[in-house]
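J.: Dropping the structure in here first, questions after.
The values are calculated or read from the model by the stated rules, or taken from the named source; none is laboratory data. The structure presented is a predicted model; accordingly, all values stated were derived computationally and were not measured. Cβ coordinates were reconstructed from backbone atoms using ideal geometry, including for glycine residues, and neighbour counts include every protein chain displayed. Protein only, heavy atoms only, side chains kept; ligands, DNA and RNA dropped before computing areas. Shrake-Rupley method; radii C 1.70, N 1.55, O 1.52, S 1.80 Å.
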Amino acid sequence: MHIFNQGKYKSLHAQEVGELEAVAQQVAQDNDFRPRYHLAPPTGLLNDPNGLIFDGEKYHIFYQWFPYGAMHGMKHWQHFMTRDFQHFQQGDLLIPDELFESHGCYSGGAILWQDQIVAFYTGNTRRAGDNQRVPHQNIALFDKDGTLLSKRCLIDQAPEGYTEHVRDPKPFITAEGKIRFVVGAQRHDLTGTALLYEMDDLNSPPRLLGELAVEGFDNRHVFMWECPDLFQLEGEDVFVWSPQGKAREERRFQNNYHATYALGKLVGNRLEAKQIEELDYGFDFYAPQTVQHAEGILLGWVGLPDLTYPTDRYQWHSMLTLPRRLSLQEGKIYQQPIAQIGQLQAVELGEKFATIAGLDTAYLDIPVENQCLDLKFFDNAEGQHLALRYEKGVLTLDRTHTAQSEKMAEFGTVRHCEIANLTSLAIFFDRSVVEIFCNQGEKVFTSRFFIADRQNSVRSATPLTIKVGQVQGIALA
Ligand code: FRU
């Protein structure tokens, strides 16, 4: 075992007495923004969901975690287990302590193999001397109780023709019983792609099958594909990934990076896509992954690389989305949140300020029926609020009048989504995050927003009757 401790590359094995408690005390100073029913890091920074798997009884949810502060430092895999997405128990973490992961345990997925959970992940390393990044693809074995059994390296360099940016293996088991994994990569000409590997069994070496081609995807300007995930949904083949570098448009690709899906038929290494679309239109959504052995449940990171948030000063950063159940309708992916909602009450809204107890942890069911919508939430004494509008076939989320870091505002303060026929909205507020599901999940907006000392208020430019219920908080043991 190695105890890494070099600047921000400091593992949990190197923590000093009281060090994490001191960070936790800073987190506890945040009275405004910590979520109640989204998984957020106890301290430090969370990013991608990892190793999502249903073991036959429980779900295992891992996530990228830097424990010591709100920055991208040494990445660990935090680990929780749950049967109901309500009660969570801690499992063993992946802590970097081998040379093949000296600079962090990066993202990956998991499969069940002979009753054990096999997590595939990228060991980030940097070569002594020139600090050159060298990606390793590794596995870690866990039993179903969440105990880490062993880990080892499968591949200790990038393959010929690709740069050092090869990462995020997501494994699955083929119909023939072989193990395959898809991994994000950058070609030597600095364009993004994904590679497919195959293993006859867990003890055989991985063979490179080649690139996964996604027909119909416009790869112009795209320099890297992160977090690939290949799976089946209702008999269709689906590829979900996070391409980096697409040119921004007014109503699509509005963030620095974004998450996309392609749906169609996989023929050999080629996905003949019938539909390619972004998975989310909000300000903060990235690196989603589906749960292995549980058809069509997806979680994403409510965040994006390079973003800072006002809560960074409390030394915590980001959270996971609610789990979402995926389904197909008319050849498109629909996403429906999994949450426990209490009794619904009807509330009348109008131009005058309505106060709704518990609004900032509530679920709202809003009938739209194609009418214009102009809503303002959470007024505070400084004149801040979050706005949501629907007009001329476009839904707009506007956080102009909320607290933002410079990085948040860099890509504009509104997000749009074209939706010609908007019949309903389901909104989930959780203190500094909102997930908005349009038309039963046809389109989704996931976003952070920061309004301190807010009132639980709503104003609507038109009279409207909505239904409101409290969302059950989650419990970590
Ligand atoms: C995506 C990502 C992955 C990488 C991980 C590191 O957010 O950059 O490609 O494995 O984060 O934390």
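J.: Using r as the Cβ-Cβ distance of Thr163 and Glu57, and R0 as 51 Å, what FRET efficiency do you calculate, to the nearest 0.05?
T.: 0.80
J.: Hey, another quick one. When 1/r is averaged over all different Cα pairs and the result inverted, which Kirkwood radius in Å belongs to segment 209-350?
T.: When all Cα pairs of segment 209-350 are included, the Kirkwood radius is 16.8 Å.
J.: Hey, what angle do you get for helix 19-28 against the long axis of the chain, alpha-carbon based, 0 to 90 degrees rounded to 10?
T.: Long axis of 19-28 versus the principal axis of the chain: about 20 degrees.
J.: Take the Cβ-Cβ distance between Ala420 and Gln114 as r, set R0 to 60 Å, and report the resulting FRET efficiency rounded to the nearest 0.05.
T.: According to the calculation, E is roughly 0.75.
J.: With a point put 7 Å past each Cα toward its Cβ, work out how far Gln329 is from Arg252 in nm, to one decimal.
T.: 2.1 nm
J.: From the helices alone, meaning DSSP H stretches of at least four residues, give me the mean residue ellipticity at 222 nm for the chain, per-run term -39500 (n - 2.57), in deg cm²/dmol to the nearest 500.
T.: Taking each H run of at least 4 residues, the total per residue is -500 deg cm²/dmol.
J.: Could you order His60, His136, His2, His87 so the one with the most accessible surface comes first? Probe is 1.4 Å.
T.: Solvent-accessible surface, decreasing: His87, His2, His136, His60.
J.: Tell me the Kirkwood radius of the chain: reciprocal of the mean inverse pair distance over distinct alpha-carbon atoms, in Å.
T.: When all Cα pairs of the chain are included, the Kirkwood radius is 22.8 Å.
J.: What relative contact order, as a whole-number percentage, does segment 263-398 give when Cα pairs under 8 Å and 6 or more residues apart are counted?
T.: Over segment 263-398, the number comes to 12 percent.
J.: Let me ask something additional. To the nearest 0.05, what FRET efficiency results for Glu369 and Ala128 with a Förster distance of 60 Å applied to their C-beta separation?
T.: Using R0 = 60 Å, I get an efficiency of 0.40.
J.: List the relative contact order of the chain as a percent without decimals, with contacts defined as Cα pairs under 8 Å and 6+ residues apart.
T.: Once normalised by length, the contact order is 14 percent.
J.: Right, something else. Output the peptides 406-419, 181-194 sorted from most to least packed, where packing is the average of other Cβ atoms within 10 Å over each peptide's residues.
T.: Ranked by mean Cβ neighbours within 10 Å, highest first: 181-194, 406-419.
J.: Additional query: Apply the Karplus parameterisation 6.51 cos²θ - 1.76 cosθ + 1.60, with θ equal to phi minus 60°, to every residue of segment 279-296 and state each ³J(HN,Hα) to the nearest whole Hz, in sequence, with x for glycine and proline.
T.: Result, ordered by residue: 7, 7, 10, x, 7, 9, 7, 6, 6, x, 8, 8, 7, 5, 6, 8, 4, x Hz.
J.: Quick one: pull the percentage of alpha-carbon pairs in segment 224-266 with a separation above 12 Å.
T.: 60 percent
J.: Over the chain, give the accessible area per residue in Å² for a 1.4 Å probe, as an integer.
T.: 39 Å²
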